[in-house]
Amino acid sequence: MGCVSAVPPPRNDADAPDAPQAPDGRGGRRSVAVALLLGALGASVVLLASGRVWARGTAAVGGGSLPLTADGRAVTGLPAALAIVGLAALVAVFAVRGRSRLLVSGLLALSGLGAALAAVLAADDRQALDAQAARTTADTAAQVGALTHTAWPYVTAVGGVLILVAGLLALRFGSGWPAMGGRYERDGSPRPRKAAAVDPDRPEDLWKALDRGEDPTR
């Protein structure tokens, strides 16, 4: 007659329905690369497009008209400023961990959203050219004529959306991303280095150990 054991058989946690799944290293690396690419590209697009002409018009001077232009930074400096904030947040995502990384990722997403909204809201702005017309004609009541707008505000908004997507990726997958200074532990202390093997029959190994501050006799 066989023996009956009261100890339950070992349970395979991998078969349990609620067992946590190991993070996919390849997917994590892919999300890091995509977030870095989108964030850097989006910030570059915003900064470049903000320096382009957003609006054109004319100001009546004497018996003629003077052409006027306004670039994105003259219309609104908010998208460019938020793009710089987004770049800083993109770098900071890899310098922090835990809840701090979550906060920085949220800042990255919000900077992209703010840049996109600011660009769209200022796409049909005329205040910058009206102010320029008033300065040109020395008439505070002067207004710009023949006002037209370019597509650069919407290009700026696309750059902001790219930064926003990078922030959303960081919020979703950032907890599994590596951090800068990987040689340090979570508590900030450096990881101990494994001492190189020293052959007592090789004088050069003894000298190298002494140069490293190690005791070759141990």
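The values are calculated or read from the model by the stated rules, or taken from the named source; none is laboratory data. It should be emphasised that the depicted structure is a prediction, and the values quoted were computed from it without experimental measurement. In this analysis, Cβ positions are derived from the backbone assuming ideal geometry, glycine residues included, and neighbour counts consider all displayed protein chains. Heads up: the accessible areas ignore ligands, DNA and RNA and are worked out on the full protein's heavy atoms, side chains in. Shrake-Rupley method; radii C 1.70, N 1.55, O 1.52, S 1.80 Å.
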(message) Every residue in segment 106-127 that is open to solvent by 60 Å² or more (accessible area, probe 1.4 Å) and assigned to a helix (DSSP H, G or I), please.
(response) LEU107, LEU110, LEU113, LEU117, VAL120, LEU121, GLN127
(message) Could you go through segment 54-73 and let me know if any residue there is in a helix (DSSP H, G or I), at pLDDT below 95 and open to solvent by 40 Å² or more (accessible area, probe 1.4 Å).
(response) yes
(request) State all residues of segment 74-103 that are within 9 Å of the chain's Cα centre (by Cα) and under 12 Å from GLY174 (Cβ atoms); if no residue qualifies, say none. (result) ALA89, LEU90, ALA92, VAL93
(request) Just give me the residues in segment 78-105 being free of Cβ contacts under 8 Å to residues at least 40 places away in the same chain, closer than 27 Å to ARG56 by Cα and open to solvent by 40 Å² or more (accessible area, probe 1.4 Å), in sequence order. (result) ALA81
